[in-house]
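Everything below concerns the one structure shown next.
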Amino acid sequence: MTDPKEFRRACHEAARRTRGQVVRFVPGDQGRNFDTGEIAYPHRTVAVVWTQDGDEDGRHEILGIADAFITFGTITFVDEPGLLAVLGELLPGHRLYSRAELEAPIDPTAPRWKNHYDVKYWRPDCLGQVLFSCWD
């Protein structure tokens, strides 16, 4: 299981390898179930989002990449394939989601989501909004 130090180390190394610069880290809090590591590139700043999720197979460490501007209830997933590939090397065993996967709709009647409180209450539009929630 990853701890915040390991996540930070991976973000710094991934930024170095992809010619970015770590800007800041934002820990998860009551309104967000994920931590972020913001990495600046000449063309944009992205946030590596990290959380843990449990399903019938156990707990999983999950990573994705979003636009660094994350507000209450709003997260925009982006593609940064080189960064995602490097993070996959640095954090083996983590589940890395692409933008397409995170933006895919979910079926709220599927067994995994049927009794999931956040899905029933917030009615998210896509998988990413469930995995990386910033609702309350």
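The values are calculated or read from the model by the stated rules, or taken from the named source; none is laboratory data. Since we're looking at a predicted model, the values are computed, not measured. Reconstructed Cβ throughout: ideal geometry from the backbone, glycine too, with neighbour counts over all protein chains shown.
Remark: Glu89 falls outside the filter, which requires a residue to be in contact (Cβ under 8 Å) with a residue 60 or more places away in the chain, surrounded by fewer than 20 Cβ atoms within 10 Å (Cβ to Cβ) and of a type outside the set (Ser, Thr, Tyr). Within the stretch 1-36, can you find the residues that are assigned to a loop (DSSP other than H, G, I, E, B) and modelled with pLDDT under 95? Matches in the stretch 1-36: Met1, Thr2, Asp3, Pro27, Gly28, Gln30, Gly31, Asn33, Phe34. Just wondering, is there one or more residues in the stretch 42-54 that are among the polar types (S, T, N, Q) and either under 21 Å from Lys5 (Cβ atoms) or in contact (Cβ under 8 Å) with a residue 40 or more places away in the chain (or both)? Within the stretch 42-54, one or more residues are among the polar types (S, T, N, Q) and either under 21 Å from Lys5 (Cβ atoms) or in contact (Cβ under 8 Å) with a residue 40 or more places away in the chain (or both). Scanning the stretch 61-78 for residues that are free of Cβ contacts under 8 Å to residues at least 40 places away in the same chain and part of a strand (DSSP E or B) gives Leu63, Ile65, Asp67. Taking the stretch 109-129 as the range and being over 21 Å from Thr76 (Cα atoms), assigned to a loop (DSSP other than H, G, I, E, B) and not hydrophobic (A, V, I, L, M, F, W, C) as the test, the residues that pass are Thr109, Asn115, His116. Only one entry in Ile39, Ile65, Ile75 is touching a strand residue (DSSP E or B) at 6+ places or on another chain (Cβ under 8 Å) and at pLDDT below 90, namely Ile75.
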